[in-house]
Every structure is written in structure tokens, then in C-alpha cells.
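Colleague: Attaching a single structure in C-alpha cells format; questions to follow.
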Amino acid sequence: MTELAFQDRESTDLASIDDIEWAVRLLAATPTHEGRDRELLRQWARRADEFGSRLAPVPSTARVVERDDGLERMLLARYTSRPPTVELYTDTLTLAEELVDARGWRAWYPPGSVRAAALAHEAVHAHLHHGPAKAALKQALGHTVLRLGRHRVAGHVAGAEEVAAHAYARTVCELGRSPLLLTAALRAALARPGTPAPRREN
């Protein structure tokens with residue numbers, strides 16, 4: 001789910017925060033990680049980012065449905081499995097494109113790349129949902145929840161799939177920065193009182 005899941009509360013420029021740090025913040029804001037060691041979260045963020053960036057191209061057979069209530073839901077896109085569907089929220093996509101121009105980030109996010117990245121992101125969620133890649137991600141993260149002699153059981157890390165999906169989208173869409181930066185900018189814009197909704201054509 002391409003969700004606007006966390007908010008930057010600092011006055012520092014968003015672009016001065018690197019992609020891995022945004023991934024750490026996403027994990028830190030994910031339930032079950034309250035009180036986790038920051039360095040452990042950074043280790044998981046790096047491993048999830050590496051996993052996503054190394055994934056082979058993932059085809060998507062899900063149907064695409066466009067909706068215009070993403071700003072209310074704080075969503076850019078969402079994958080649902082029954083039936084396999086990607087919901088794209090056109091109002092949030094429009095605001096994202098406006099923010100890219102307003103912040104001077106067009107070199108990082110070329111025209112049309114926000115939509116392409118959202119589709120790529122959701123394709124990874126489908127890939128992890130239906131195939132063996134989910135277990136591979138667990139192994140890559142190295143989070144052990146149980147040891148039995150020489151054997152170990154790899155545990156789930158909440159939020160890691162999101163980090164991997166963002167890294168995949170950044171790589172296959174050849175973006176200059178992770179979509180995590182853009183989702184942080186969207187969240188910051190929507191958190192400001194009086195933020196106008198993007199213009200809609202008749």
C-alpha cells in the first residue's frame with residue numbers, strides 16, 4: 001500500500017534527509033517497532049532497500065482502477081488481492097506532481113514517473129503476497145525469532161515490504177530519489193491547515 005504513513009516533524013528541508021533515513025522513519029512509525037533500537041531499524045531498512053532494488057522486473061496482471069478520494073484516505077495507491085486490483089488515487093497523484101514542480105524535484109521524478117512508481121510499488125506487494133519472495137525477504141532481513149540448534153526461524157518485520165517496494169519502484173522507474181521522499185512531502189503538505197486540493201478539470 002502506497003500510504004502516507006508517517007510525517008516529518010522537523011523544520012529541516014525534506015530533501016536533505018537521505019532515502020535510508022526515510023526508510024528508518026517509516027519503520028519507526030510502524031506499530032510493533034515502538035522502542036526498537038534505531039541501529040537495528042537502520043539495518044533492516046538497508047537490507048529491505050537492497051532487496052527491493054535487486055528484484056527482477058515484476059509483471060503485474062492486476063486490473064487498475066482510478067479513484068479520486070485519495071486525499072481523504074491519505075493514499076496514493078492500494079493493492080487488494082480479491083480480485084487482484086490496484087487502486088490509483090488520481091487526486092493524490094495530481095498533488096504529488098504539483099509538489100514535484102513546486103519543490104524543484106522534476107529531475108528526480110520525471111513527468112509520469114509518479115504514476116509509474118505507484119504501479120511498480122503495488123506490483124511488488126502483489127509479488128510478495130502471492131509468491132516465494134516473501135520468505136526470501138524475511139531471510140534477507142535476518143530477523144531471527146526462534147533458534148533450534150543450527151536452525152533458525154526468520155521473523156516478519158512490519159514495514160519492510162513497504163521499504164522494499166519503494167526501493168524497487170525507485171530502481172525500475174529510474175528515479176533520482178525514493179518515492180519515500182515524495183510521500184513525506186505529500187504528508188507534510190496535507191498536514192498544513194488550508195492546503196488546497198489539486199485543481200480538477202471539468
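Colleague: Given the residues Leu27, Leu55, which is the only one that is under 13 Å from the mean Cα position of the chain (by Cα) and closer than 24 Å to Gly142 by Cα?
Modeller: Values: Leu55 fails: under 13 Å from the mean Cα position of the chain (by Cα).
Being under 13 Å from the mean Cα position of the chain (by Cα) and closer than 24 Å to Gly142 by Cα holds for just one of Leu27, Leu55, which is Leu27.
Colleague: Test Val124 against the criterion of being in contact with a helix residue (DSSP H, G or I) (Cβ under 7 Å, 6 or more places away or on another chain), part of a loop (DSSP other than H, G, I, E, B) and modelled with pLDDT under 95, and give yes or no. Spell out the reasoning first.
Modeller: Details: in contact with a helix residue (DSSP H, G or I) (Cβ under 7 Å, 6 or more places away or on another chain): yes; part of a loop (DSSP other than H, G, I, E, B): no; modelled with pLDDT under 95: yes.
No.
Colleague: What number of residues within segment 17-66 are open to solvent by less than 40 Å² (accessible area, probe 1.4 Å), part of a loop (DSSP other than H, G, I, E, B) and out of contact with any Pro (no Cβ under 6 Å at 6 or more places or on another chain)?
Modeller: The qualifying residues number 5.
Colleague: Also, quick follow-up: List, please: which pairs have Cβ atoms under 9 Å, are six or more places apart or on different chains, and start with a residue in segment 36-48 that is under 16 Å from Ser178 (Cα atoms) and end with one that is among the small types (Gly, Ala, Ser) and not in a helix (DSSP H, G or I)?
Modeller: Pairs found: Ala45/Gly159; Arg47/Gly142; Ala48/Gly159.
Colleague: Tell me, please, whether a residue that is closer than 23 Å to Arg187 by Cα and not hydrophobic (A, V, I, L, M, F, W, C) can be found in segment 54-64.
Modeller: So far as segment 54-64 goes, no, none of its residues is closer than 23 Å to Arg187 by Cα and not hydrophobic (A, V, I, L, M, F, W, C).
Colleague: Go through segment 171-192 and give me each residue that's of a type in the set (A, V, I, L, M, F, W, C) and either in a helix (DSSP H, G or I) or open to solvent by 50 Å² or more (accessible area, probe 1.4 Å) (or both). Walk me through how you get there before you give the answer.
Modeller: To start, the set of residues in segment 171-192 that are of a type in the set (A, V, I, L, M, F, W, C) comprises 172-173, 175, 180-182, 184-186, 188-191.
Of everything in segment 171-192, those that are of a type in the set (A, V, I, L, M, F, W, C) and either in a helix (DSSP H, G or I) or open to solvent by 50 Å² or more (accessible area, probe 1.4 Å) (or both) turn out to be Val172, Leu180, Leu181, Leu182, Ala184, Ala185, Leu186, Ala188, Ala189, Leu190, Ala191.
Colleague: Determine, yes or no, whether Arg106 is open to solvent by 30 Å² or more (accessible area, probe 1.4 Å), touching a helix residue (DSSP H, G or I) at 6+ places or on another chain (Cβ under 6 Å) and without any contact (Cβ under 8 Å) to a residue 40 or more places away in the chain.
Modeller: Details: open to solvent by 30 Å² or more (accessible area, probe 1.4 Å): yes; touching a helix residue (DSSP H, G or I) at 6+ places or on another chain (Cβ under 6 Å): yes; without any contact (Cβ under 8 Å) to a residue 40 or more places away in the chain: yes.
So Arg106 fits the description; yes.
Colleague: Out of segment 69-93, which residues are outside any strand (DSSP E or B) and modelled with pLDDT of 95 or more?
Modeller: Applying the first criterion (outside any strand (DSSP E or B)) to segment 69-93 yields 69-74, 82-83, 90-93.
Thr90, Asp91, Thr92, Leu93 - these are the residues of segment 69-93 that are outside any strand (DSSP E or B) and modelled with pLDDT of 95 or more.
Colleague: Still on this model: Check Arg200 against each of (1) part of a helix (DSSP H, G or I); (2) modelled with pLDDT under 95 and name the one condition it does not meet.
Modeller: (1)
The values are calculated or read from the model by the stated rules, or taken from the named source; none is laboratory data. If you're wondering where the values come from, they're calculated on a predicted model, not measured in any experiment. Quick reminder, even Gly has a Cβ in these numbers, built from the backbone with ideal geometry, and neighbours come from all protein chains shown. To get the accessible areas, we keep the full protein, side chains included, count just its heavy atoms, and leave off ligands, DNA and RNA. Shrake-Rupley method; radii C 1.70, N 1.55, O 1.52, S 1.80 Å.
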